[in-house]
Amino acid sequence: MAVSDLINLSGLLDDAKCFALVRQHRWPEGARCPVCDSGAVIRDGHDDTQPCRQRYRCKACAGRFDDLTGTVLAGHHQPLRVWVLCLYFMGLNLSNQQIAGELGLDGSDVQTMTEQLRRGLVAKAPEVTLKGEVEVDEVYVVAGHKGQPAAVAKRGGSDGVASWQARRAEARWRRTSHRSSA
Ligand SMILES: [Zn+2]
């Protein structure tokens with residue numbers, strides 16, 4: 001019988017302390033706006049479903065964010081304490097399969113988690129800055145609908161990698177069109 005059958009370790013972890021750990025890692029000097037990097041932020045309540053997840057409002061750009069915004073931990077189905085334990089097991093050099101066994105998770109899920117954590121707890125997804133050329137984006141989306149409706153529908157989903165690839169494709173398209181029109 002595996003130890004994880006006897007002890008649900010993640011259930012013993014304190015959510016509040018896990019969020020405090022993330023805050024300490026990403027903002028050792030206090031919360032900063034992930035959009036404009038201003039330190040002039042105020043606390044703005046807590047997440048509706050995760051009471052320890054602090055929300056903030058930026059006084060400089062009026063942006064709203066929370067403890068996990070812009071981190072690899074945002075938008076995933078696993079609770080933060082499972083991520084924290086995963087990080088801990090990685091520090092003990094456990095294999096993905098061992099971690100999966102301890103956490104009662106699927107091996108491929110754990111592989112995805114450890115790959116993301118190795119890039120850094122607060123590593124941001126690569127982003128292409130879109131500015132000043134909204135009309136080109138619209139042309140691209142309409143053209144995509146005609147030719148590949150399924151691909152466009154897929155891009156519209158919440159899959160971060162897919163949307164990043166779409167943005168990259170848009171950027172490449174824009175650069176190409178710039179060159180030909182110049
Ligand atoms: Zn801001």
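What follows draws every value from the coordinates through simple rules; no lab data is involved. Note that the coordinates shown come from a computational prediction; the quantities given were computed from them, not determined experimentally. Positions of Cβ are backbone-derived with ideal geometry, glycine not excepted, and every protein chain shown enters the neighbour counts.
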Once both labels are modelled 7 Å past Cα along the beta-carbon direction, what's the residue 55-residue 98 spacing in nm?
4.1 nm
Net charge of Cβ neighbours under 15 Å - reference residue 96; Lys, Arg +1; Asp, Glu -1:
-3
Which distance in Å, rounded to a whole number, links the C-alpha centroids of region 61-79 and region 23-41?
13 Å
Sparsely packed trypsin sites (Lys or Arg not before Pro) within region 34-69, loop by DSSP, other Cβ within 10 Å at most 13:
59
If you stretched the chain out fully between residue 40 and residue 88, how much longer would it get, using 0.36 nm times the residue separation minus the C-alpha to C-alpha distance?
14.0 nm
